[in-house]
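Data block below; observations after.
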Amino acid sequence: MRFLHSHKTLDPEHQETLSRSFFQGRAGKEVQHCIQCGTCSGSCPLAHEMDLGPRRILALLRDGFLAEVLGSRSIWMCVSCNACLTRCPQGVPVSDIMYALRVMSLEHNLARREFKMPDVYRGFVRQVEKRGRVSESRLAAGYGLLHPSDMPGRLSLALRLLRRRRI
Amino acid sequence: MTMSDGFYFYPGCSYETAAGYKESVDAVCSRLDIRLEELPDWNCCGSTAGFSLQGDYGVYHPALVMARASQAGAKELVTGCNGCFNTLRKTRKLLLQDQDLYAGTWRKILQEGGPDSAPQLPVRHLLQVLSSRGQMHKSSLSPDMSGLRVAAYYGCLFSRPWTDVDDPEHPQMLDRFIEGLGFTPVNYSLKTACCGAAHALGFRQSTEALVQRIILAMQDKGAHLAAVICPLCQLNLESAQLSLGLPRLPVLFFTQVAGLALGVPRKELGLDKLLIAPEKI
Ligand code: SF4
Ligand code: SF4
């Protein structure tokens, strides 16, 4: 399985428990309605950026490759645009399944630094919990400290926004 | 729109710093005799970050927003952000379909010292509110705007998956609004294509490619400007253009566009805050 290049492995027993708890939850139950038609992947604006598109994620989940899915970059590339679930003939809430997978992935420490979005979301939620509201510039600055190589391109934007009193 | 009508306005975190959104909403609402009253002491809805880290328990923060609104006596919340709109509506849907989640969320709000009021209520987009006043535009219009071709951009979460708001794949509300103001709406195919949302932070090249397709589609159909209904869409559509090296297309909030048609002085519409100035208008 060449495409599963980015996963960490779990021991079989751990994998089993994980799988059971996933399929007992709301997201896991929804996975079972998928008929593998591929409408989701065909509608996804970022499928080409994913190591696994949404249809493949659902196929792997049903075939017992939960740990591999949890360690994939794809579950973090979903932008929650809802194109898939609006068109899915089975009404599978794909973005909610992505959320459930993200939670598990973090719980079991399977997300890698280069997936980046965990840091964006953590920075965001930390602000909500601490200050009640979120400031975009604070968010971008916090993210920049963790991922400095993404920053040079954003700096000129920040200056332009500052000049127009938008920060 | 006052609290006597049963509405509160939920601005969300991006509203204040968005390029002239607040300015133009204030100016247009005052011309149309709509009084927007801000929900007191509101908190962030948590957006997709809340759901990404907490799954269904991400409903807590949006539920708290709605509990505050219920306690203040509102029958409805109105917001001008697609992200807030979707998060609040999604939360309401999850709570109404799962009694345990509903009861548990209410309990948690109480434990944290929050209000003892229903943590859900109907939510509308500001576009829906202004659109329902459609008729009054024509009478108060001043300049002739028909020479300006405007591309309505809805983004993802206004119509998806909310089939009750507008057609999820081919929404029309913003097009009709623009038309009602005297502009010529542009028919193009990417009105609900994704702008990349928060992924612009970590995956800029990927999201800029999404914006490039959208802007090119608009320009291909002869658009002079784009009208948007969400602060994050506005920021992404506008900022990506700076590095893409395309002919630039100004991206205005729908309320700025409305203000131009209503003859509101440009200063009052916050147009100077745009990164791409609408020079030809
Ligand atoms: S569109 Fe729905 S049924 Fe089809 S593959 Fe995707 S999730 Fe499965
Ligand atoms: S919600 Fe996620 S998986 Fe579905 S189409 Fe959008 S980006 Fe792709």
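Shielding by partners for peptide A:94-107, expressed as the average number of C-beta atoms from other protein chains within 10 Å of each residue's C-beta, is 3. Our note on the geometry: Cα centres of region B:145-192 and region A:112-139, 31 Å apart. Computed from Cα positions, the angle between helix A:152-163 and the longest principal axis of chain A comes to roughly 50 degrees.
Distance from the C-alpha centroid of region A:22-46 to that of region B:18-61: 30 Å, rounded to the whole angstrom. Placing a pseudo-label 7 Å from each Cα along the Cα-to-Cβ vector at B:ALA72 and B:ASP33 gives an inter-label distance of 2.4 nm. Using only protein heavy atoms and a 1.4 Å probe, how much accessible area in total is buried between A and B, to the nearest 100 Å²? So the total buried area for this chain pair works out to about 4400 Å².
For the residues of A:80-91, the average number of beta carbons from a partner chain within 10 Å of their own beta carbon is 5.
In chain A, Cα pairs under 8 Å separated by at least six residues give a relative contact order of 21 percent. If you model region B:7-126 as an ellipsoid using its alpha carbon gyration tensor, with each semi-axis the square root of five times an eigenvalue, the axes come out at 26, 15, 12 Å, biggest first.
Just the protein heavy atoms count here, and of the accessible area of region B:151-281 at 1.4 Å, carbon and sulfur take up 52 percent. In this rough spin-label picture, where each label sits 7 Å from Cα along the Cβ direction, the A:GLN24-B:ARG176 distance is 4.9 nm. Comparing mean-square fluctuations of A:PRO89, A:PRO54, A:PRO118 from a GNM of chain A with C-alpha springs under 10 Å, the top value falls on A:PRO89. Each Cα pair under 8 Å and six or more residues apart adds its separation to the average, and for chain B the resulting relative contact order is 21 percent.
Put a dot 7 Å past the Cα of B:LYS221, heading toward its Cβ, do the same for B:GLU112, and the two dots end up 4.1 nm apart. Computed over chain A, the P(r) tail beyond 29 angstrom holds 28 percent of alpha carbon pairs. Bridgeable lysines around B:LYS280 (alpha carbons under 29 Å apart, same-chain partners fewer than 8 residues away excluded): B:LYS22, B:LYS138, B:LYS191, B:LYS221, B:LYS267. For the protein assembly as shown, the Cα-based Rg and Dmax, in that order, read 21.7, 72 Å.
Residues of region A:74-113 falling in the label zone of A:ARG62, defined by backbone nitrogen less than 16 Å from a point 7 Å along Cα to beta-carbon, are A:88-94, A:97. Taken residue by residue and averaged, Cβ atoms of other chains lying within 10 Å of the Cβ of B:177-186 number 0.
Of all aspartates and glutamates in the structure, the ones whose alpha carbon falls short of 14 Å from that of A:LYS130, not counting any fewer than 8 places away in one chain, are B:GLU112.
Ordering of B:81-93, B:61-73, B:28-40 by packing is B:81-93, B:61-73, B:28-40, highest average first (other Cβ atoms within 10 Å, averaged per residue).
The values are calculated or read from the model by the stated rules, or taken from the named source; none is laboratory data. These numbers come from a predicted model, not from an experiment. Positions of Cβ are backbone-derived with ideal geometry, glycine not excepted, and every protein chain shown enters the neighbour counts. Ligands, DNA and RNA are excluded from the accessible area calculation, which covers all protein heavy atoms including side chains. Shrake-Rupley method; radii C 1.70, N 1.55, O 1.52, S 1.80 Å.
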